[in-house]
Amino acid sequence: MFKLNLKIALRNLFKNKVYAAINIGGLALGLTAFVLLLLFINHETNYDKWNPDLDKVYQIREHHDSFTPDNQQHWMESVESRVGALVTNKVPQFKQVTKVGISWGDGYSVKLANADPILIKDIRDADSLFFKVFPYKFVQGDQLTAISTPNTIVLKRSVALKLFGTEKVLGKQLKLLMWRTDEGRMVTVTGVVEDPSTPQSVNFNAILHSGEREQDPDQISNTNHCEVYALAAQKLDTTAVNKVLQKVYVDYKKRTIVDQKGIDFKDYYKNGKTPGLKIVPLQEVYSTPSLTPSWLDKIKPIIALSIFLLLVSIINFVNLSTAQSVQRAKEVGVKKVLGAYKKQLVIQFLLESAIQTLASLFICVILVEILLPAFSNQFDVQLSFWHSKQLLSMLFQLVGLFIFITLLAGFYPAWMLSKYNPVKVLKGNYENGFKGIALRNGLVIVQFIIAVTFIIGIGVMQQQTSYVANKDLGFNRDKLINISTNYNDGDPFGERVKRVTGVKYVATTTQVMGNTFNFSNEITFNNQKYDLNTVTVTMDALPALGVQVVKGRIFSRAYGQDTINSVVINQSAERLLGKNMVGKQYKTFKGTNVFQVVGVIKDYNNEGFDKAVLPTIYKVTHLGGSSNTNNLLIRFESENYKPAMKAIEGIWKELYPAFPMRYIAVEDAFQNELKATRRQMQIIVLFSVISVILSLLGLFALSAFIAKRKTKEIAIRKILGASNFQVINMLNRSFLILVIIANLISWPIAFILTRKWLEGFAYRIDMPIWPFLMATLLSVVIAVFTVSLQARKAAVNNPVDALKYE
């Protein structure tokens, strides 16, 4: 019986090649999007699974506001280094506790003998216990003693091959430089570890042991931040341990806060501030980042799009299958008369669905292999299908998907076709076979709701992207580059760069797009305390940025006071402190220093557009403390600054031959900020186009179905004098109603979804109306055109052919 059903299924597929191709192609597209998503999800959920012992490793997180982008408290991965000793001494559940430095800027310059220096990122300084907490497999060296002495380094196998061309590198020496003026540190390679088979949240290319991580700062008022990880003897109850940690941490803060901050515990932790310390299982670290949205939050729109696209494909499959029901009705009637049971017929039609689903899966796998490089690039990950470590589980997922799609897409057509009344069907009466019209119409409405929502989303995203791309940032990003290095007035490199033809300004600031560092400072103004972002700049920083002066003036060498206690504030700070701030004075914490506001500048964006500009104070003086980042700004006189840039590179190589120069145009940094939004829009556009095409195919199928069903009605109308236009209009009318209903439903859905998306931007457009109107107009025009093609085919048929057997 199976062989016979298979033969009939294949014969029917070849007999209806166009319908079969549309079915298989539509499902293949929907499945491709879904399988790509599955690959990405498998990758993201596989972090820190490369060793079973990692389920006993925990990250320590501290609740603080040091170096946070919004100067607010968050559960930070970077904690005060003294937390390591605190956990070691007070929490006996942990066998080993290790401290790991945060990744340094653009990386270390690595210099081998007789070789050009290269920058390598993620060389992280750790204490001697790192490999006792993390069970890496050593290819060379000994896990227990590799970093037991200072000035030693363990490389990953891939890095060893990159540097030396071999993994046998024990005893070889490297020179590491952290910045351009660094004299360097000679370190000895004492181990090589295998690259993990799955992604890791504690990412590194090499583990350096300088010996500095073994000790905390001598002065209690000095702090040093790092990451802290702990290995337990067994899996812990995190809730219970966190209660202990919280008590230990609060007691510690009560003892030390006065010496650290110069203020008592109650005064420091007020206005919403709370002390906190907790553990997070290592395998949850990647999925719960401190400051950025989790990977799941980032791809929720893509998950929804993939599911919707697969749903549209399945709806298409159902509609196309039922559209052929008239042709299959007599076959079903004859089989039932000959004794076929309903169960046998259902199995037959499900087999046909299974064959089409299987063919779709094969095409899907081919499409996945073709599209995977582009998809990986979109999400900045390295994905593979056939070479994936999770290939076996992926194959099981595909088998499950095959069964699910076969049942979901094939069960309703199989059930509907198998329930035909054989007596009525063989008499030529199909009416009882078409009770599912309402369902099929509903499916078309669902398809168009999804398609119209996609089209509206494209319109709103395009408007927002255009708004952001053309927004006045408050500074001039043209002819401006940022070299990754520290800088102070009088710096030899900077002084020589100033003399290069074409260079207008050389300066530094902690606030520039692509590399921003926020530092909160408490001030007192009019007897009220405020926390304001404080930025240390050089004299030419604000002119170099091309900021817009709103009131007063910016820093100038003509005013000697500017290097002592003059400050410039932005509009956000003025709105916070009060109007007409020029000439007003404020005091820093404890009232030790007094500063005078000499100017107000327009807010300028230095971070992504999802963040509002912070109330900020700009100062040249180091009075009251200073902050520095690797930003050296160079403003050029003209757009053609390549000759000047070549001269600057020559000066760098002459002065710092052991440290490569890295720089970026601020315009490129700005474009990088837009990259995530543009990538998301590209995916939505692609999915929207596919969704619209599949919806049109579904509409084409249903119009063919209706036209077939109304063949005799159309013939009678034509004999009674109806024109072709009237027949086409009659068929169009019912579908226009479906499309209009879909639009009415999709408008509020699209409004809610796009508004939610826009809320992720601190600077956004008002909700526009034209994407809604355009989506409605476009859907109506396309629907009318598609149905009219099928309706015209029915209208021009000879009515005699339809009625000659009556």
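Quick notes on this one:
- Residue within segment 565-576 that is over 15 Å from Asn605 (Cα atoms), of a type outside the set (Lys, Arg), in contact with a helix residue (DSSP H, G or I) (Cβ under 9 Å, 6 or more places away or on another chain) and at pLDDT 85 or above present: yes
- Applying the criterion of being touching a helix residue (DSSP H, G or I) at 6+ places or on another chain (Cβ under 7 Å) and either buried (at least 18 other Cβ atoms within 10 Å of the Cβ) or not in a helix (DSSP H, G or I) (or both) to the residues of segment 420-440, the residue that is modelled with the highest pLDDT is Arg440.
- Unique match (being at pLDDT 85 or above and part of a helix (DSSP H, G or I)) among Leu789, Leu744, Leu697: Leu744
- In segment 43-61, the residue that is farthest from Lys389 (Cα to Cα) out of those that are of a type in the set (S, T, N, Q) and buried (at least 18 other Cβ atoms within 10 Å of the Cβ) is Gln59.
- Residues of segment 82-128 that are among the charged types (D, E, K, R) and either within 30 Å of the chain's Cα centre (by Cα) or not assigned by TED's automatic domain parsing to the domain that holds Val244 (or both): Lys99, Asp106, Lys121, Asp122, Arg124, Asp125.
- Residue within segment 347-355 that is at pLDDT below 80, surrounded by fewer than 18 Cβ atoms within 10 Å (Cβ to Cβ) and over 30 Å from Thr198 (Cα atoms) present: yes
- Long-range neighbours under 7 Å by Cβ, at least six apart or interchain, first residue closer than 16 Å to Val666 by Cα within segment 496-508, second assigned to a strand (DSSP E or B) and at pLDDT below 90: Thr508/Leu632
- Selection from segment 554-594 of residues that are closer than 23 Å to Glu637 by Cβ and among the charged types (D, E, K, R): Arg557
- Candidates Val497, Val503, Val537 - the one that is farther than 26 Å from Met178 by Cβ, at pLDDT 85 or above and not hydroxyl-bearing (Ser, Thr, Tyr): Val503
- Residue count, segment 288-318 (criterion: surrounded by fewer than 16 Cβ atoms within 10 Å (Cβ to Cβ), at pLDDT 80 or above and of a type in the set (Ser, Thr, Tyr)): 2
- Residue identified as free of Cβ contacts under 8 Å to residues at least 60 places away in the same chain and either among the polar types (S, T, N, Q) or farther than 27 Å from Ala374 by Cβ (or both) among Ile752, Ile693, Ile765, Ile716: Ile752
- For Phe659: the one exception among (1) assigned to a helix (DSSP H, G or I); (2) under 37 Å from the mean Cα position of the chain (by Cα); (3) buried (at least 20 other Cβ atoms within 10 Å of the Cβ): (1)
- Elements of type helices (runs of 4 or more DSSP H) in segment 152-270, at least 1 residues being modelled with pLDDT of 90 or more and surrounded by fewer than 16 Cβ atoms within 10 Å (Cβ to Cβ): 157-164, 238-261
- Segment 237-252 residues that are in contact (Cβ under 8 Å) with a residue 24 or more places away in the chain and among the aromatic types (Phe, Trp, Tyr), paired with ones that are in a helix (DSSP H, G or I) and surrounded by 15 or more Cβ atoms within 10 Å (Cβ to Cβ) (beta carbon under 6 Å, 6 or more apart): Tyr252/Leu86
- Residue match in segment 14-37 (condition: basic (Lys, Arg), free of Cβ contacts under 8 Å to residues at least 40 places away in the same chain and surrounded by fewer than 19 Cβ atoms within 10 Å (Cβ to Cβ)): yes
- Residue-level analysis places Asn23 outside the set of residues that are of a type in the set (S, T, N, Q), in a helix (DSSP H, G or I), out of contact with any strand residue (DSSP E or B) (no Cβ under 8 Å at 6 or more places or on another chain) and over 30 Å from Ile347 (Cα atoms).
- When the residues of segment 368-401 are filtered to those that are in contact (Cβ under 8 Å) with a residue 60 or more places away in the chain, aromatic (Phe, Trp, Tyr) and part of a helix (DSSP H, G or I), the one that is nearest to Ala354 (Cα to Cα) is Phe375.
- Taken over segment 456-483, residues that are assigned to a helix (DSSP H, G or I) and out of contact with any helix residue (DSSP H, G or I) (no Cβ under 8 Å at 6 or more places or on another chain) amount to 2.
- Residue match in segment 720-740 (condition: more than 23 Å from Pro293 (Cβ to Cβ), crowded, with 17+ Cβ neighbours inside 10 Å and of a type in the set (Ser, Thr, Tyr)): no
- Residue count, segment 627-642 (criterion: surrounded by 12 or more Cβ atoms within 10 Å (Cβ to Cβ) and either in a loop (DSSP other than H, G, I, E, B) or not hydrophobic (A, V, I, L, M, F, W, C) (or both)): 8
- Of the strands (runs of 3 or more DSSP E) entirely within segment 484-560, those holding at least 1 residues that are surrounded by 20 or more Cβ atoms within 10 Å (Cβ to Cβ) and aliphatic (A, V, I, L, M) occupy 503-507, 520-525, 528-536.
- Residue ID - surrounded by the fewest Cβ atoms within 10 Å (Cβ to Cβ), chosen from residues in segment 110-145 that are at pLDDT 90 or above and of a type in the set (Gly, Ala, Ser): Ser128
- Screening Asn482 on (1) under 12 Å from Ala544 (Cβ atoms); (2) touching an Asp or Glu at 6+ places or on another chain (Cβ under 8 Å) shows it passes everything except condition (2).
The values are calculated or read from the model by the stated rules, or taken from the named source; none is laboratory data. These numbers were taken from a predicted model, which means no experiment stands behind them. Don't worry about glycine lacking a Cβ; one is built from the backbone with ideal geometry, like all the others, and counts go over all protein chains shown.
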